[in-house]
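Reviewing the structure listed below.
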Amino acid sequence: MIDNPELGYTPANLKALRQKYGLTQQATADLLDVKISGFQRWEADINLKSHTDMPLKKWFELLQKLTK
């Protein structure tokens with residue numbers, strides 16, 4: 001599990017944070033108002049062609065929504 005999500009976005013941190021709060025990829029995508037396919041690209045391994053970096057604004061939005 002991730003102990004310090006404030007250390008920043010990585011696909012592994014995103015997945016660990018999502019799992020810590022018991023959320024599915026779909027539920028997290030809905031929470032952030034993004035398509036599931038986009039969310040999956042953020043969580044994909046950085047070595048995959050399908051990977052895209054999560055915008056910092058969305059990372060902070062997720063942290064804010066989960067830690068309220």
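Structure summary
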| read-out | value |
| --- | --- |
| Relative contact order for the chain, counting Cα pairs under 8 Å that sit 6 or more residues apart, in percent | 30 |
| Within the accessible area of the chain (1.4 Å probe), percent carbon and sulfur | 53 |
| DSSP-assigned coil residues among chymotrypsin sites (Phe, Trp or Tyr not before Pro) in the chain, each with at most 14 further Cβ atoms within 10 Å | Tyr21 |
| Diffusion constant of the chain at 4 °C, which comes from Stokes-Einstein with the Kirkwood Cα-pair radius and 1.567 mPa s, µm²/s | 109 |
| Electrostatic dipole magnitude of the chain [Cβ: Lys, Arg +1; Asp, Glu -1; Cα centre; debye, to 20] | 120 |
| In the stretch 1-60, trypsin sites (Lys or Arg not before Pro) in a DSSP loop with at most 16 other beta-carbon atoms within 10 Å | Lys35, Lys49 |
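The values are calculated or read from the model by the stated rules, or taken from the named source; none is laboratory data. Keep in mind the model is a prediction, meaning the values are calculated, not measured. Glycine gets a Cβ as well: all are built from the backbone with ideal geometry, and neighbour counts include every protein chain shown. Calculation scope for accessible area: heavy atoms of the full protein, side chains included, ligands and nucleic acids excluded. Shrake-Rupley method; radii C 1.70, N 1.55, O 1.52, S 1.80 Å.
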